[in-house]
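Take a look at the structure set out below.
The values are calculated or read from the model by the stated rules, or taken from the named source; none is laboratory data. In this text the structure is predicted, and so the values were computed from the model without any measurement. Every residue, glycine among them, receives a Cβ derived from its backbone with ideal geometry; neighbour counts consider all protein chains shown.
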Amino acid sequence: MQTKKEKEISLDTVAKDFFSTVSGDPKGKKAEFLFSTDSLSGYGLDLVVELAQEAWFDGLDLAIWKNFDARNVSYVKKLCQKHDFPVKVIQVSSNVNEKEMTKALDLCYAVGADTISINAPQVFNFRAYNYIVDNLPRLKKDNKDIRFTIINPEDSNIFALPIPSYRFSNIVEIIRKYLCYVGLDVSNMDSNVFESDFMRKIKDFLPYISVFYISDKNKAGKDHMLPGDGILNLPLLLKKLKDLNYARYISTKVTISKADLADTDKVKFLMKKMRKYYEENYL
């Protein structure tokens, strides 16, 4: 019978064997900065693309449950061609089921996206959780060029939490147990854990992170603020990503107030402010 230590080693080996089979990213390539469409809930996708392009983002992280037109595969494909603007990540909801995942896969193959990000379901959402764990092996086997990714939920940690509110709150377990990439939402992590434990071990985690979701948070716990408006040491994170040659995606996932959403010029200003933040701290 395996000891706990031997079991951990074997899980590490399995994880390394699996992740080594997925095609790597070209050396010397810089990270691409994406705009997550769930930041502009209620906006038509055509307008979102125009705004993201004007703000000099590199592409979209398409949250298909936030924009109804995002589920129209032919429309999204034509929109990408019209603006010459790519969709890199397809993001599915925390209530994901077979129908939504099939739509996400159809979109990936239509527009050339190579990543599907899954928002973690709440702890009592057994239907969505069971769908994910029961179908991940088949999905990965049938779609070898797509990185299936789970976004760590709010109050997540590197290791276990005593009483989690969401499934997949254990980041190490996402990698070891489910052999899944992590969409690391830094605003969902405890700020002390993020700036101490995670930042010290970031080099070990990078091969398993397909998307960094960058936003800020304040001392009171308000999260998904604009980068630079809170307390997180995001400049250090971006510097480390550049120094360590992280070559995947950095996606902006922020909460914009209803008052600001009603003012397109204000939204445009905020998006350009986000992009400028990246330019100053990464590029």
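Within region 179-225, being surrounded by fewer than 15 Cβ atoms within 10 Å (Cβ to Cβ), among the basic types (Lys, Arg) and over 15 Å from residue 159 (Cα atoms) holds for 203, 219, 222.
Checking the condition surrounded by fewer than 15 Cβ atoms within 10 Å (Cβ to Cβ), touching a residue at least 40 places away in the same chain (Cβ under 8 Å) and not small (Gly, Ala, Ser), which residue from 239, 272, 253, 258 passes? Give the derivation first.
On the way: 272 fails: surrounded by fewer than 15 Cβ atoms within 10 Å (Cβ to Cβ); 253 fails: surrounded by fewer than 15 Cβ atoms within 10 Å (Cβ to Cβ); 258 fails: touching a residue at least 40 places away in the same chain (Cβ under 8 Å).
Testing whether each residue is surrounded by fewer than 15 Cβ atoms within 10 Å (Cβ to Cβ), touching a residue at least 40 places away in the same chain (Cβ under 8 Å) and not small (Gly, Ala, Ser) leaves just 239.
Condition first: out of contact with any helix residue (DSSP H, G or I) (no Cβ under 8 Å at 6 or more places or on another chain), modelled with pLDDT of 95 or more and not in a helix (DSSP H, G or I). Can you find one or more residues in region 63-71 that meet it? Taking every residue of region 63-71 in turn, none turns out to be out of contact with any helix residue (DSSP H, G or I) (no Cβ under 8 Å at 6 or more places or on another chain), modelled with pLDDT of 95 or more and not in a helix (DSSP H, G or I).
Residue check: is residue 140 surrounded by 14 or more Cβ atoms within 10 Å (Cβ to Cβ) and either outside any helix (DSSP H, G or I) or basic (Lys, Arg) (or both)? Walk me through it before giving the result.
Numbers: surrounded by 14 or more Cβ atoms within 10 Å (Cβ to Cβ): yes; either outside any helix (DSSP H, G or I) or basic (Lys, Arg) (or both): yes.
In short, yes.
Residue selection: residue 223 satisfies the criterion of being touching a helix residue (DSSP H, G or I) at 6+ places or on another chain (Cβ under 6 Å), assigned to a loop (DSSP other than H, G, I, E, B), closer than 23 Å to residue 37 by Cα and not small (Gly, Ala, Ser). Taking residue 165, is it modelled with pLDDT under 90 and surrounded by fewer than 17 Cβ atoms within 10 Å (Cβ to Cβ)? Yes, satisfied.
Would you mind stating whether residue 282 is farther than 25 Å from residue 177 by Cα, in contact with a strand residue (DSSP E or B) (Cβ under 6 Å, 6 or more places away or on another chain) and at pLDDT below 95? Working first, answer last.
Numbers: farther than 25 Å from residue 177 by Cα: yes; in contact with a strand residue (DSSP E or B) (Cβ under 6 Å, 6 or more places away or on another chain): no; at pLDDT below 95: yes.
The answer is no for residue 282.
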